[in-house]
Every structure is written in C-alpha cells, then in structure tokens.
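The values are calculated or read from the model by the stated rules, or taken from the named source; none is laboratory data. Owing to the predicted nature of the structure, the values given are computational and were not obtained by experimental measurement. Every residue, glycine as well, gets a Cβ built from its backbone with ideal geometry; the counts of neighbours run over all protein chains shown.
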Amino acid sequence: MRERVIHLAGGCFWGVEKYLDAIPGVLGTRVGYANSRVENPSYAQVCAGGTDAAEAVAVRYDADALGLDELLALFFEAIDPTTLDRQGHDVGHQYRTGVFWTDDADAPLVREALARLQAGCPGAVIVVEAAPLGTFYDAEEYHQRYLDKNPGGYCHLPAIRIEQVPARLAALRAAAR
C-alpha cells in the first residue's frame with residue numbers, strides 16, 4: 001500500500017467529505033481550512049472573510065488501489081468547475097474549488113487532469129484552483145463527518161451522486177481500457 005494525501009476544495013466540505021469517503025481506495029478524510037492567512041481559523045472567521053481559507057477535505061488514499069487521476073476525475077464530476085466562489089447554494093470565496101498538493105510530484109498530474117477537464121468543456125472556463133498546499137487546519141470537531149452525525153443534513157451534492165460513486169469509478173476504469 002502506498003498512502004498518499006491530496007486536499008480538495010469543492011464547496012461546503014460536508015458533502016464533499018461524504019462523497020470522497022464513498023470512493024473505493026480512500027482511506028480517510030478530514031475537513032478543514034486550506035491556505036488560510038489566519039492561523040487555526042474558526043468556522044466563523046472563515047465565513048466572515050479575511051482568512052482567504054477554502055473549505056477543503058484532506059484525502060488519504062491508497063495509490064495502489066486508486067490513482068490520483070481517477071480520484072480527480074471523480075472529484076471533478078462532483079463539482080461545477082466553471083463556477084467561481086460558489087457551489088450549489090453556498091456562495092463565498094471559502095466555497096471555491098481547488099486541488100492542493102503537498103508533494104510536488106503531484107503538480108503535473110493535477111495540471112494534466114485539469115487540461116483533460118478543460119478539453120472536455122469546450123467554450124467554458126475552468127476555475128479550479130491548482131496550487132501547493134500552504135496550510136491546512138482541521139475544522140471544528142462538529143464539522144468532521146457532519147452528514148454521518150446529521151443524516152438528512154444540508155448537502156449541495158445529491159445523495160444519489162454519492163451512492164453512485166463506486167459505479168462511476170468502475171465506469172471510468174472500463175473506459176480507460
């Protein structure tokens with residue numbers, strides 16, 4: 001097993017975490033605030049602005065079971081990569097989309113995935129931020145696994161999309177053959 005980590009921002013982190021946890025090969029997730037200018041910000045500070053943090057999910061995955069290209073392809077299916085600072089009903093800079101890496105070897109893979117995404121969206125502008133991770137602070141405990149603790153809680157991702165994740169991965173793999 002080769003354990004790897006990538007940080008993904010796709011709007012409200014509650015639904016993104018639930019979606020990513022459904023992907024076979026994901027070992028664990030933590031929600032938090034990526035690239036904040038304020039050390040260890042609170043949710044209230046992030047929502048008020050001024051931190052420049054993105055709500056994000058730290059994703060630990062087994063690279064032997066799930067390629068970064070597959071993980072990113074599934075992530076891109078869950079977000080609207082053409083909408084700036086908004087996903088679903090959530091509006092604000094903290095809800096921007098992004099891929100943040102801690103290993104520089106991931107940078108070209110992320111850029112290639114974004115180029116494929118752009119090629120598949122002719123005429124659209126992809127606004128997914130792609131950058132090294134500067135900082136990541138865990139969100140408050142009540143945000144961790146929020147939708148597991150609060151079934152039926154708010155989520156900008158439809159439940160059916162989350163349920164279909166394993167089948168979508170199988171379809172991606174079949175198409176790649």
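Mind counting the residues in region 144-163 that are within 15 Å of the chain's Cα centre (by Cα) and either surrounded by fewer than 16 Cβ atoms within 10 Å (Cβ to Cβ) or assigned to a helix (DSSP H, G or I) (or both)? Don't jump to the end; show me each part of the working.
Looking only at region 144-163, we keep the residues that are within 15 Å of the chain's Cα centre (by Cα), and these are 144-145, 155-157, 161-162.
Retained after the next criterion (residues that are either surrounded by fewer than 16 Cβ atoms within 10 Å (Cβ to Cβ) or assigned to a helix (DSSP H, G or I) (or both)): 161-162.
Residues meeting the conditions: 2.
Does residue 113 meet the test of being modelled with pLDDT of 95 or more, farther than 25 Å from residue 50 by Cα and outside any loop (DSSP other than H, G, I, E, B)? Steps first, answer last, please.
Numbers: modelled with pLDDT of 95 or more: yes; farther than 25 Å from residue 50 by Cα: yes; outside any loop (DSSP other than H, G, I, E, B): yes.
For residue 113, the condition - modelled with pLDDT of 95 or more, farther than 25 Å from residue 50 by Cα and outside any loop (DSSP other than H, G, I, E, B) - is met.
This table checks each residue for (1) out of contact with any helix residue (DSSP H, G or I) (no Cβ under 9 Å at 6 or more places or on another chain); (2) over 25 Å from residue 127 (Cβ atoms).
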| residue | (1), (2) |
| --- | --- |
| 2 | yes, yes |
| 8 | no, no |
| 11 | no, no |
| 14 | no, no |
| 35 | yes, no |
| 44 | yes, yes |
| 62 | yes, yes |
| 72 | no, no |
| 78 | no, no |
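Residues 73, 56: which one is crowded, with 23+ Cβ neighbours inside 10 Å, hydrophobic (A, V, I, L, M, F, W, C) and under 16 Å from the mean Cα position of the chain (by Cα)? Working first, answer last.
Details: 73 fails: crowded, with 23+ Cβ neighbours inside 10 Å.
Residue meeting the stated conditions: 56.
Are any residues in region 1-54 among the hydrophobic types (A, V, I, L, M, F, W, C) and either assigned to a strand (DSSP E or B) or free of Cβ contacts under 8 Å to residues at least 12 places away in the same chain (or both), and if so, which ones? Can you show your working first?
Residues of region 1-54 among the hydrophobic types (A, V, I, L, M, F, W, C): 1, 5-6, 8-9, 12-14, 16, 20, 22-23, 26-27, 31, 34, 38, 44, 46-48, 53-54.
Residues satisfying the conditions are 5, 6, 8, 9, 26, 27, 31, 34, 44, 48, 54.
Considering only region 89-104, I want to know if a residue exists there that is more than 24 Å from residue 4 (Cβ to Cβ), loosely packed, with under 12 Cβ neighbours inside 10 Å, without any contact (Cβ under 8 Å) to a residue 60 or more places away in the chain and not hydroxyl-bearing (Ser, Thr, Tyr). Steps first, please.
Here is the first cut: in region 89-104, the ones more than 24 Å from residue 4 (Cβ to Cβ) are 89-95.
From what's left, loosely packed, with under 12 Cβ neighbours inside 10 Å: 89.
Subsequent filtering for residues that are without any contact (Cβ under 8 Å) to a residue 60 or more places away in the chain retains none.
Within region 89-104, none of the residues are more than 24 Å from residue 4 (Cβ to Cβ), loosely packed, with under 12 Cβ neighbours inside 10 Å, without any contact (Cβ under 8 Å) to a residue 60 or more places away in the chain and not hydroxyl-bearing (Ser, Thr, Tyr).
Search region 162-177 for residues that are farther than 14 Å from residue 69 by Cα and pair each with any residue that is basic (Lys, Arg) and modelled with pLDDT of 95 or more when their beta-carbon atoms are under 7 Å apart and the residues are at least 6 apart or on different chains.
162/18
Does residue 79 qualify as being over 22 Å from residue 165 (Cα atoms), surrounded by 15 or more Cβ atoms within 10 Å (Cβ to Cβ), among the β-branched types (Val, Ile, Thr) and touching a residue at least 40 places away in the same chain (Cβ under 8 Å)?
Details: over 22 Å from residue 165 (Cα atoms): no; surrounded by 15 or more Cβ atoms within 10 Å (Cβ to Cβ): yes; among the β-branched types (Val, Ile, Thr): yes; touching a residue at least 40 places away in the same chain (Cβ under 8 Å): yes.
Spelling it out, it is not the case that residue 79 is over 22 Å from residue 165 (Cα atoms), surrounded by 15 or more Cβ atoms within 10 Å (Cβ to Cβ), among the β-branched types (Val, Ile, Thr) and touching a residue at least 40 places away in the same chain (Cβ under 8 Å).
Identify, by number, the condition in (1) over 20 Å from residue 143 (Cβ atoms); (2) surrounded by 21 or more Cβ atoms within 10 Å (Cβ to Cβ) that residue 84 doesn't meet.
Residue 84 satisfies every listed condition except (2).
In region 130-164, which residues are modelled with pLDDT of 95 or more and touching a Leu at 6+ places or on another chain (Cβ under 7 Å)?
130
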